[in-house]
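The structure appears below as structure tokens.
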Amino acid sequence: MNSQHEQRLARVFVELADTLVDDFDMLEFLNTLVERCAELLDVAAAGVVLSDQKGGLAMVAASSEQARVIELFAVQADDGPSLDCVRTGLSVSSEDLAAEYGRWPRFAPAAHAAGFAATHAVPMRLRRTVIGALNLLNTDSDGVNPESVNLGQALADVATIGMLQHRMLHDSTVLVEQLQTALNSRVVIEQAKGVLSAHGAVDMQQAFLALRGYARSHHLRLSELARTVADGRTDPGLILRPRARPAPHTPRKLP
């Protein structure tokens, strides 16, 4: 690992630890987590599945449209590494999904068809509290390398600690409420992506990137912007309009 990569990784750890702010947005936070995993780890994509604290599971964030579809399918089919990981609190992996049709009869064929060949899900856990799983997906059949797994677990740990810390310093019900809000917001975002995709003849990943880019450049909450797009209060053309110089995203409290 070169020094530039180490510095970038250190900045990400600080970024994920910064949850003690009044406008903390869990959905944005988890999208940052999966995007940084895809950027800095030797993996093709990453996704997060969370427990809703009522026994149910939901896909909340993914770094690509393919990963989003696969993790959503896993939850709907009640099958796959992320679900096993949340339920056991242990890492769950496969170096060759093509050989896992018996283990995950619904997830493995779907993931393989989507181009993913390997997976390694790590728990988002603090002691006995498991709030979700971070799934690292790869297109190479030799699995996810140990360094990426270790760093992925470290990032998941920092994210989990930050989320639980935010709860403890505010109110005992905050995390549950925020988890449910994140799950509800995910639905609205999917609706907004559909509106943008239909309006601009773009795919769902491009629609999401446009939506998130507009939210960041205009200092808006992603979920709130998505709601205005979904219910027709914001013109999709404004979101999809190319920007010559998009505003960069600057993590909080970073030098």
Inside segment 89-127, the number of residues satisfying the requirement of being out of contact with any helix residue (DSSP H, G or I) (no Cβ under 7 Å at 6 or more places or on another chain) and without any contact (Cβ under 8 Å) to a residue 12 or more places away in the chain is 6
Any residue at all in segment 134-145 that's at positive phi and at pLDDT below 95?
yes
Tally, over segment 218-238, of residues that are outside any loop (DSSP other than H, G, I, E, B) and either free of Cβ contacts under 8 Å to residues at least 24 places away in the same chain or open to solvent by 30 Å² or more (accessible area, probe 1.4 Å) (or both)
5
Scan (1) among the polar types (S, T, N, Q); (2) open to solvent by 70 Å² or more (accessible area, probe 1.4 Å); (3) at pLDDT 75 or above for the single condition Ser185 breaks and write down its number.
(2)
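The values are calculated or read from the model by the stated rules, or taken from the named source; none is laboratory data. Treat the numbers as computed from the prediction; the structure is a model and nothing was measured. Positions of Cβ are backbone-derived with ideal geometry, glycine not excepted, and every protein chain shown enters the neighbour counts. Ligands, DNA and RNA are excluded from the accessible area calculation, which covers all protein heavy atoms including side chains. Shrake-Rupley method; radii C 1.70, N 1.55, O 1.52, S 1.80 Å.
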